[in-house]
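Every read-out reported here was derived from the displayed coordinates using simple, explicitly stated rules and does not represent laboratory data. None of the values given here were measured: they were computed from a predicted structure. Here the Cβ positions follow ideal geometry from the backbone for every residue, glycine too, while neighbour counts run over all protein chains shown.
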Amino acid sequence: MSDEALWPLGVYVAAVLVLVGAVLAASHLLGERHRETATGDPFESGIVPVHRARFRIRAKFYVVAVLFVIFDLEAVFIIAWALIAREAGWPAYIEIAIFISVLLAALAYLWRVGALDWAPRPRGRLPSRAVRAPPPQGAAKAGVSSAPAAVFGAIGSGAANRTRAD
């Protein structure tokens with residue numbers, strides 16, 4: 001390219017720089033100056049903040065955001081394939097079928113490991129039926145119940161030390 005063809009680009013860049021500089025200078029010269037204490041406070045949508053802006057967000061939100069970006073990007077590939085599907089023929093159909101099956105397998109895996117669950121997970125696996133331990137050997141003879149509610153409910157009243165004969 002010759003220098004003759006580049007001069008309009010140079011004029012355009014110079015005009016943009018002059019315009020940006022003029023707007024910034026006008027804003028600085030004509031803008032209001034505030035010295036109140038609330039001037040530097042963050043303010044969004046008419047709501048005064050109630051806590052610090054730097055707080056921890058659970059990683060779950062980031063995982064969902066990353067999964068959304070990944071699966072959204074795959075949608076772009078599928079739409080691009082749909083535009084050329086007839087011209088591309090069967091080889092492209094087989095390729096997109098493999099691509100979609102890999103996506104479905106990834107989605108099934110994420111579903112299975114709980115990456116898509118919003119509810120908190122239980123800490124441990126709960127047994128299907130509650131299995132109670134047999135009562136202690138001497139508890140049935142003394143008349144003391146082995147149920148924790150009966151023992152803990154009677155603490156302080158002296159009832160745990162009494163027998164049925166009382």
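Output needed for region 1-115: three equivalent-ellipsoid semi-axes, defined as square roots of 5 times the C-alpha gyration tensor eigenvalues, in descending order, whole Å.
For region 1-115, the ellipsoid semi-axes come out as 47, 35, 9 Å.
Quick check on region 59-113: take the gyration tensor over C-alpha atoms, sort the square-rooted eigenvalues as a ≥ b ≥ c, and tell me if it's rounded (a/c under 1.5), prolate or oblate. Mind dumping the intermediate values first?
Numbers: a/c = 5.91, a/b = 2.03, b/c = 2.91.
Note, shape of region 59-113 comes out oblate.
At 0.36 nm per residue, and after removing the present C-alpha to C-alpha distance, how many nm does the segment from L110 to L9 gain when stretched out fully?
Stretched fully, the L110-L9 segment lengthens by 31.3 nm.
Return the distance in nm (one decimal) between the two label points of a simple spin-label model at H34 and D117, each offset 7 Å from Cα along Cα→Cβ.
Between H34 and D117, the label points sit 4.7 nm apart.
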